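**Student:** I have a structure here, written as structure tokens, and I will follow up with some questions on it.
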Amino acid sequence: MSLYPTDLQIVEPNELQIDWSDGQVRRYLFSELREHCPCATCREKRRGDAEEPAQSLQLNILSPAETQPLRVAAMKPVGNYAYTVVFSDGHDSGIFPFELLREIGRPAE
Ligand SMILES: [Zn+2]
């Protein structure tokens, strides 16, 4: 693995920027990171949402934490291949491999 982040920083209230070892700079909306959270719980939830029949309308009551804008609270390196992303609602079981981080987000101008 020759590609790795050289810098991580919050650049907007809702956006993370990663500088990569090859010079590429990518930006990630916090919500996008959460949508791609690779942990089993989130994958299961996404699958469930996709299978939900359209006619079964339901109103979810949000907990106070869920009504706050989601933020990235911390990122911790996992070995030399991934980062654990800690979200502001306390969710921290997603391990984002560098490969995934290179696929999502968008190049910064
Ligand atoms: Zn997750």
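The values are calculated or read from the model by the stated rules, or taken from the named source; none is laboratory data. Because the structure is predicted, anything quoted here is derived from the model rather than measured. As a convention, Cβ positions derive from the backbone with ideal geometry for all residues, glycine included, and neighbour counts pool all protein chains shown.
**Student:** Would you call Arg34 touching a His at 6+ places or on another chain (Cβ under 9 Å) and of a type outside the set (Ser, Thr, Tyr)?
**Tutor:** Spelling it out, Arg34 is indeed touching a His at 6+ places or on another chain (Cβ under 9 Å) and of a type outside the set (Ser, Thr, Tyr).
**Student:** With respect to the numbered conditions (1) under 17 Å from Ile104 (Cα atoms); (2) within 13 Å of the ligand (Cβ to nearest atom); (3) acidic (Asp, Glu), which one is the sole condition not fulfilled by Glu44?
**Tutor:** (1)
Listed here are the residues, each with its yes/no results for (1) over 19 Å from Glu99 (Cα atoms); (2) in contact with a Cys (Cβ under 9 Å, 6 or more places away or on another chain).
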residue: Val11; (1), (2): yes, no
residue: Ser21; (1), (2): no, no
residue: Leu29; (1), (2): no, no
residue: Thr41; (1), (2): yes, no
residue: Asn80; (1), (2): no, no
residue: Val85; (1), (2): no, yes
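**Student:** If you don't mind, another one. Which residue pairs have Cβ atoms under 7 Å apart, sit 6 or more places apart or on different chains, and have a first residue in the stretch 61-84 that is more than 22 Å from Glu12 (Cβ to Cβ) and a second that is at pLDDT 95 or above and polar (S, T, N, Q)?
**Tutor:** Val78/Thr84
**Student:** Any residue at all in the stretch 87-103 that is touching a strand residue (DSSP E or B) at 6+ places or on another chain (Cβ under 9 Å), touching a residue at least 24 places away in the same chain (Cβ under 8 Å) and basic (Lys, Arg)?
**Tutor:** Yes, because at least one residue in the stretch 87-103 is touching a strand residue (DSSP E or B) at 6+ places or on another chain (Cβ under 9 Å), touching a residue at least 24 places away in the same chain (Cβ under 8 Å) and basic (Lys, Arg).
**Student:** Looking only at strands (runs of 3 or more DSSP E) that fall completely inside the chain, which ones have 1 or more residues that are among the hydroxyl-bearing types (Ser, Thr, Tyr) and either over 12 Å from the mean Cα position of the chain (by Cα) or exposed (fewer than 12 other Cβ atoms within 10 Å of the Cβ) (or both)?
**Tutor:** Filter on the chain gives 5-12.
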